[in-house]
1. Where in region A:70-110 are the strands (runs of 3 or more DSSP E), entirely inside, with at least 3 residues that are within 14 Å of chain B (Cβ to nearest Cβ) and closer than 16 Å to residue A:45 by Cβ?
2. On the basis of being out of contact with any Lys or Arg (no Cβ under 9 Å at 6 or more places or on another chain), facing chain A (nearest Cβ under 8 Å) and either free of Cβ contacts under 8 Å to residues at least 12 places away in the same chain or not hydrophobic (A, V, I, L, M, F, W, C) (or both), does residue B:72 make the cut?
3. Across region B:31-52, what is the number of residues that are more than 12 Å from chain A (Cβ to nearest Cβ) and either acidic (Asp, Glu) or touching a residue at least 60 places away in the same chain (Cβ under 8 Å) (or both)?
4. In this structure, is residue B:107 in a strand (DSSP E or B) and more than 14 Å from chain A (Cβ to nearest Cβ)?
5. Looking at (1) outside any strand (DSSP E or B); (2) surrounded by 13 or more Cβ atoms within 10 Å (Cβ to Cβ); (3) without any contact (Cβ under 8 Å) to a residue 40 or more places away in the chain, which is the one condition that is false for residue A:56?
6. If we keep just the residues of region B:79-94 that are over 18 Å from residue B:23 (Cβ atoms) and of a type in the set (Gly, Ala, Ser), which is farthest from the other protein chains (Cβ to nearest Cβ)?
7. From the list A:31, A:12, which one is touching a strand residue (DSSP E or B) at 6+ places or on another chain (Cβ under 6 Å), surrounded by 13 or more Cβ atoms within 10 Å (Cβ to Cβ), on the phi < 0 side of the Ramachandran plot and touching a residue at least 40 places away in the same chain (Cβ under 8 Å)?
8. Taking the options A:40, A:16, name whichever one is more than 10 Å from chain B (Cβ to nearest Cβ) and either closer than 27 Å to residue B:39 by Cβ or not hydrophobic (A, V, I, L, M, F, W, C) (or both).
Amino acid sequence: TQLLEQSPQFLSIQEGENLTVYCNSSSVFSSLQWYRQEPGEGPVLLVTVVTGGEVKKLKRLTFQFGDARKDSSLHITAAQPGDTGLYLCAGLGPGDGLTFGKGTHLIIQP
Amino acid sequence: EPEVTQTPSHQVTQMGQEVILRCVPISNHLYFYWYRQILGQKVEFLVSFYNNEISEKSEIFDDQFSVERPDGSNFTLKIRSTKLEDSAMYFCASSFYGELFFGEGSRLTVL
């Protein structure tokens, strides 16, 4: 069974601070996706990383895929209250289904 | 912007009843999925569907579950005889290749 461990589970910081959340697994994935989920809604895709060592930037969010394609990180620069939410990582492969982590609950306080 | 739509948004049913959850995937997508999320737990894969047949299913997707694409636009999940533990948010997703787009979910409450 493939597992994705996300850390920290909860994070509360002040507006303007930087943060990094992690997604780790003992398994190799063909790609890894980061989602954001609001309460009562479906996950919304933020980014997909495919190549080991790949770095993608989405405004103040930087996503990195580990060289061995087993882990990933999400770094947010100058966090804002609008960044508050549940951040999920999900690995794809070897089959069709995504394996989700439990997520990191992020709260940015004004 | 195209989106995946799901109905109903919330359904309450008695244990043992049949439930059908409906999804309209994004129109040019080829792959369709159902996931579920029990309250407070992680999102779990149920089934994937491609070319009018199931391509993969998880251990959760037992004989009580079935999927269908009856008319080329809708994609349905049927639970034949619901159990209390089927209470969850059920998410439909579709993709063209690789990147999944999720609907807002159908909350199923089994009493």
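What follows draws every value from the coordinates through simple rules; no lab data is involved. Everything numeric in this text was worked out from a predicted model, so none of it was measured. A quick note on method: Cβ atoms are made from the backbone with ideal geometry, for glycine too, and the neighbour counts reach across all protein chains shown.
1. Values: elements: A:71-76, A:85-92, A:98-100, A:104-109.
In region A:70-110, the matching strands (runs of 3 or more DSSP E) lie at A:85-92, A:98-100.
2. no
3. Residues in region B:31-52 being more than 12 Å from chain A (Cβ to nearest Cβ) and either acidic (Asp, Glu) or touching a residue at least 60 places away in the same chain (Cβ under 8 Å) (or both): 0 in total.
4. Taking the combined requirement at face value, the residue does not satisfy it.
5. (1)
6. Ranking the qualifying residues of region B:79-94, first place goes to B:81.
7. It is A:31.
8. Residue meeting the stated conditions: A:16.
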